[in-house]
Structure formats: structure tokens, C-alpha cells
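What follows is a short report on a single structure.
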């Protein structure tokens with residue numbers, strides 16, 4: 001049975017998520033890219049998540065915050081949960 005959240009709970013969760021986007025763990029993103037069997041460069045990661053290589057670079061350098069949807073796609077491709085990417 002799916003867990004149900006009230007609109008208020010969902011709104012609070014969205015606020016927390018938005019606040020945490022400021023703390024995308026870029027070191028973890030780079031490390032996870034490097035751990036693949038074959039190198040996963042920014043261009044390949046971008047292609048898999050639907051972003052340009054330059055956007056991945058800007059995210060990793062802290063020049064751009066990913067949207068919630070982008071962060072979710074990045075986490076999926078890297079094989080981690082979103083919380084791992086937004087941990088301080």
C-alpha cells in the first residue's frame with residue numbers, strides 16, 4: 001500500500017528538497033562518474049540525463065543548481081539516491 005502524504009507534508013518536502021539543492025555534493029558526482037567500468041565523462045553523463053556537457057560542468061563546479069527532476073535523473077544514472085547527492 002503506497003504511503004500517502006497530505007498536501008502540507010508534500011509542500012514541506014518540496015521546500016526541504018529545494019533548500020538542499022544548494023548543497024549538491026559535486027565531489028560525489030565526480031567520484032561516481034570515475035568509478036564506472038568505463039569512463040563516464042561529462043558529455044556521456046549529460047547525454048544520459050538529457051543535459052548538455054556544459055550544464056553538467058556548471059553543476060559540478062557549483063555554478064548552476066540542478067532542478068529536482070535533473071537531480072533525480074543524475075542520481076538514477078549514477079546509481080545512487082538523491083539524498084547521497086545533496087548531502088553536505
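Number of residues in the stretch 63-77 that are farther than 17 Å from residue 43 by Cα, in contact with a helix residue (DSSP H, G or I) (Cβ under 7 Å, 6 or more places away or on another chain) and in a helix (DSSP H, G or I) equals 2.
Checking each residue in the stretch 78-88 for being part of a helix (DSSP H, G or I) and surrounded by fewer than 16 Cβ atoms within 10 Å (Cβ to Cβ) picks out 83, 84. The C-beta contact set for the stretch 61-88 (first residue at positive phi and touching a residue at least 24 places away in the same chain (Cβ under 8 Å), second residue surrounded by fewer than 15 Cβ atoms within 10 Å (Cβ to Cβ) and assigned to a helix (DSSP H, G or I), distance under 8 angstrom, 6+ apart or interchain) comprises 62/26.
Across the stretch 50-61, the number of residues qualifying as surrounded by fewer than 19 Cβ atoms within 10 Å (Cβ to Cβ) and touching a helix residue (DSSP H, G or I) at 6+ places or on another chain (Cβ under 6 Å) comes to 4.
The numbers here are math on the coordinates, done by the rules we state, and not lab data. Just so it is clear, the structure is predicted and the values come from calculations on it, not from any experiment. FYI the Cβ positions are ideal-geometry reconstructions off the backbone, even for glycines, and counts take in every protein chain you see.
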